[in-house]
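Only one structure is covered here, and it is reproduced in the block below.
The values are calculated or read from the model by the stated rules, or taken from the named source; none is laboratory data. All values reported here derive from a predicted model rather than from experimental measurement. Glycine gets a Cβ as well: all are built from the backbone with ideal geometry, and neighbour counts include every protein chain shown. Heavy atoms of the whole protein, side chains included, go into the accessibility calculation; ligands, DNA and RNA do not. Shrake-Rupley method; radii C 1.70, N 1.55, O 1.52, S 1.80 Å.
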Amino acid sequence: MPKKMHLVAYLKTGPSASYPGSWRHPTATLHDLFEPSRYEHIARVLEAACFDACFFADGLGLPDNYKNHFADYAGRGGQTSMLDPMVVLPLMARVTTHLGLGATLSTTFHNPYNLARSLGSLDLISKGRVAWNVVTTAREFEAQNCGPDSLPPKETRYDRADEILEACCALWDGWDADALVLDKESGVFADAGKIRYANYVGQHVSSRGPLSIPRSPQGRPVIMQAGSSERGRQFAARWAEMIFCSPATKSAAIAYRNDIRGRMEAIGRNPDECAVLPTLQLVIGETESIANEKAELYASLADPELVLAASSWAVAADLSLLETPEAIEGQGGNQGVQGHRDRMMQVAKAKGISFAEAVRRPRDLTVGTPTMIADIIEDWFKSGACDGFILPPTTFPTSFEEFGTMVVPELQRRGLFRTAYAGSTLRENLHNPG
């Protein structure tokens, strides 16, 4: 049977997930931002379309690195997390049975026991459908919200992340699958011989355990990551089962995927154990002219100041002052987000424009009919550029509703995507996409 791709939805608990100003679109819903029904609805839509998973991008505060204030980002409706995703994910678990559920949590500002406990709890009540998007945090304002005046160096953050993952895995593995007995007659609730201390001691973190959360059906959450720097790619090659990346061209995507797969082979991991998933932002129309008209409307809603504020958040630098990648690299104390910078430089090169012009453009939209969109998806997939895609909504929730009813059936007709879930846990569905 031909290989099938993976699809993961990119979500935010705020006005827009990716495209600047998209919350102003007539079809975008705002009245339900804080209603459980918003999150229950999108979970049902994604599961009906057989998506592998969704995940919530997240951060620890309002970005204020553009013009040294949050006014443009917050006031113009940036990609803000207005609810803790860990609050809404259980709502989504309750109304689905197969959809994977991903949370973004930082290893820089959380300790391993709390991470293992929260994620393990969600994994247990969802019957093994949780993914953890592991981030090391790359923006100074987030550090300042959590205590320190500045971030540790990148190498230190990744070293700590390695230890956090080691400790969490030791905690999750501290319960055997059959440790719970639940025998009322004998009075044995759990077999204590099948529960173990973690006794993890590292340079940066330690955790004794045992975890109070029993083992989930998939053992531990699926690990998701977005490493693009040299150190980030090393980390991803070691841990990731899904990789979120944002190359601007197919050739850049092929190079990135080949690099990750080579790194995995070098450390003894099977490259097929990790799905490399670039982002693809779509505008779908019943005809090409309708799709182009929709794209023009989106472009008209993209506030230039919000675009630049969003780009400043992405590269972790104030782009009202810095107009070259070299200047960004030289900014004192900046830690940077390599993947976003790489994408902007790729855009500049591909379009023959300056970096300063590239950061003032909203993210490019892939525009077309369902057949045209499926052609692009199939080309990238069969060219070895990806194992599937991360799809952010251009408008919420209509982008996912349209994709599920218009593009998914075409992908299924071509044999590129599942028609039903093969497994019951997220990891099973990643390893066997149907």
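Run down Ala317, Ala255 and say which single residue is touching a residue at least 12 places away in the same chain (Cβ under 8 Å) and either touching a helix residue (DSSP H, G or I) at 6+ places or on another chain (Cβ under 9 Å) or open to solvent by 10 Å² or more (accessible area, probe 1.4 Å) (or both).
Among Ala317, Ala255, only Ala317 is touching a residue at least 12 places away in the same chain (Cβ under 8 Å) and either touching a helix residue (DSSP H, G or I) at 6+ places or on another chain (Cβ under 9 Å) or open to solvent by 10 Å² or more (accessible area, probe 1.4 Å) (or both).
Within segment 368-384, can you find the residues that are open to solvent by less than 40 Å² (accessible area, probe 1.4 Å), over 16 Å from His6 (Cα atoms) and not hydroxyl-bearing (Ser, Thr, Tyr)?
Gly368, Pro370
Please go through segment 269-291 and pick out each residue that is part of a loop (DSSP other than H, G, I, E, B) and either in contact with a Leu (Cβ under 6 Å, 6 or more places away or on another chain) or surrounded by 13 or more Cβ atoms within 10 Å (Cβ to Cβ) (or both). Let's see the steps before the verdict.
Here is the first cut: in segment 269-291, the residues part of a loop (DSSP other than H, G, I, E, B) are 269-270, 274, 280-281, 285-287.
Within segment 269-291, Arg269, Cys274, Leu280, Gln281, Gly285 qualify.
Among the residues of segment 42-75, which ones are among the hydroxyl-bearing types (Ser, Thr, Tyr) and either under 30 Å from Asn429 (Cα atoms) or not in a loop (DSSP other than H, G, I, E, B) (or both)? Working first, answer last.
In the first step, residues of segment 42-75 are kept if they are among the hydroxyl-bearing types (Ser, Thr, Tyr); the result is 66, 73.
Listed by number, the list holds a single entry, Tyr73.
For segment 350-386, how many residues are without any contact (Cβ under 8 Å) to a residue 60 or more places away in the chain, within 30 Å of Tyr66 (Cα to Cα) and touching a helix residue (DSSP H, G or I) at 6+ places or on another chain (Cβ under 9 Å)?
10
Considering each residue of segment 107-156, count those that are basic (Lys, Arg), open to solvent by 20 Å² or more (accessible area, probe 1.4 Å), at pLDDT 95 or above and part of a loop (DSSP other than H, G, I, E, B), and give that number. Before the answer, list the steps.
First pass over segment 107-156, keeping only residues basic (Lys, Arg): 117, 127, 129, 139, 154.
Still in the list and also open to solvent by 20 Å² or more (accessible area, probe 1.4 Å): 117, 127, 139, 154.
Now drop any that are not at pLDDT 95 or above, which leaves 117, 127.
Those left that are additionally part of a loop (DSSP other than H, G, I, E, B): 127.
Counting residues in segment 107-156 that are basic (Lys, Arg), open to solvent by 20 Å² or more (accessible area, probe 1.4 Å), at pLDDT 95 or above and part of a loop (DSSP other than H, G, I, E, B) gives 1.
Need pairs with beta-carbon distance below 6 Å; first residue modelled with pLDDT of 95 or more and within segment 1-17, second aromatic (Phe, Trp, Tyr) and open to solvent by 10 Å² or more (accessible area, probe 1.4 Å); sequence gap 6+ or separate chains.
So the pair list comes out as Met5/Phe381.
If I ask for residues that are surrounded by fewer than 17 Cβ atoms within 10 Å (Cβ to Cβ), under 19 Å from Ser22 (Cα atoms) and at pLDDT 95 or above, which ones from segment 34-81 would you list?
The one that is surrounded by fewer than 17 Cβ atoms within 10 Å (Cβ to Cβ), under 19 Å from Ser22 (Cα atoms) and at pLDDT 95 or above: Phe34.
Filter segment 224-238 down to the residues that are in contact (Cβ under 8 Å) with a residue 24 or more places away in the chain and more than 13 Å from His340 (Cβ to Cβ) and list them by number.
Met224, Gln225, Arg231, Arg233, Gln234, Phe235, Ala236, Ala237, Arg238
Scan segment 211-218 and tell me whether some residue there is open to solvent by less than 10 Å² (accessible area, probe 1.4 Å), touching a Lys or Arg at 6+ places or on another chain (Cβ under 8 Å) and among the hydrophobic types (A, V, I, L, M, F, W, C).
yes
Does segment 7-41 hold any residues that are touching a strand residue (DSSP E or B) at 6+ places or on another chain (Cβ under 7 Å) and not in a loop (DSSP other than H, G, I, E, B), and which are they?
Leu7, Val8, Ala9, Tyr10, Leu11, listed by residue number.
Just the residues that are within 23 Å of Thr107 (Cα to Cα) and open to solvent by 30 Å² or more (accessible area, probe 1.4 Å), please, taken from segment 171-195.
Asp173
Could you say whether any residue in segment 385-397 is of a type in the set (D, E, K, R) and either more than 21 Å from the chain's Cα centre (by Cα) or surrounded by fewer than 20 Cβ atoms within 10 Å (Cβ to Cβ) (or both)? Walk me through how you get there before you give the answer.
At the first step, the residues of segment 385-397 found to be of a type in the set (D, E, K, R) are 387.
Next, from what is left, pick out any that are either more than 21 Å from the chain's Cα centre (by Cα) or surrounded by fewer than 20 Cβ atoms within 10 Å (Cβ to Cβ) (or both): none.
No, segment 385-397 contains no residue that is of a type in the set (D, E, K, R) and either more than 21 Å from the chain's Cα centre (by Cα) or surrounded by fewer than 20 Cβ atoms within 10 Å (Cβ to Cβ) (or both).
Inside segment 177-192, can you point out the residues that are of a type in the set (Val, Ile, Thr) and under 18 Å from Leu211 (Cβ atoms)?
Matches in segment 177-192: Val181 only.
Any residue in segment 20-32 that is loosely packed, with under 13 Cβ neighbours inside 10 Å sitting within a Cβ distance under 8 Å of a residue that is of a type outside the set (Asp, Glu) and not in a helix (DSSP H, G or I)? List the pairs, counting only those 6 or more apart or interchain.
Filtered contacts from segment 20-32: Leu30/Pro15.
Identify the single condition in (1) modelled with pLDDT of 95 or more; (2) surrounded by fewer than 17 Cβ atoms within 10 Å (Cβ to Cβ) that Ala198 does not satisfy, given that it satisfies every other one.
Failed condition: (2).
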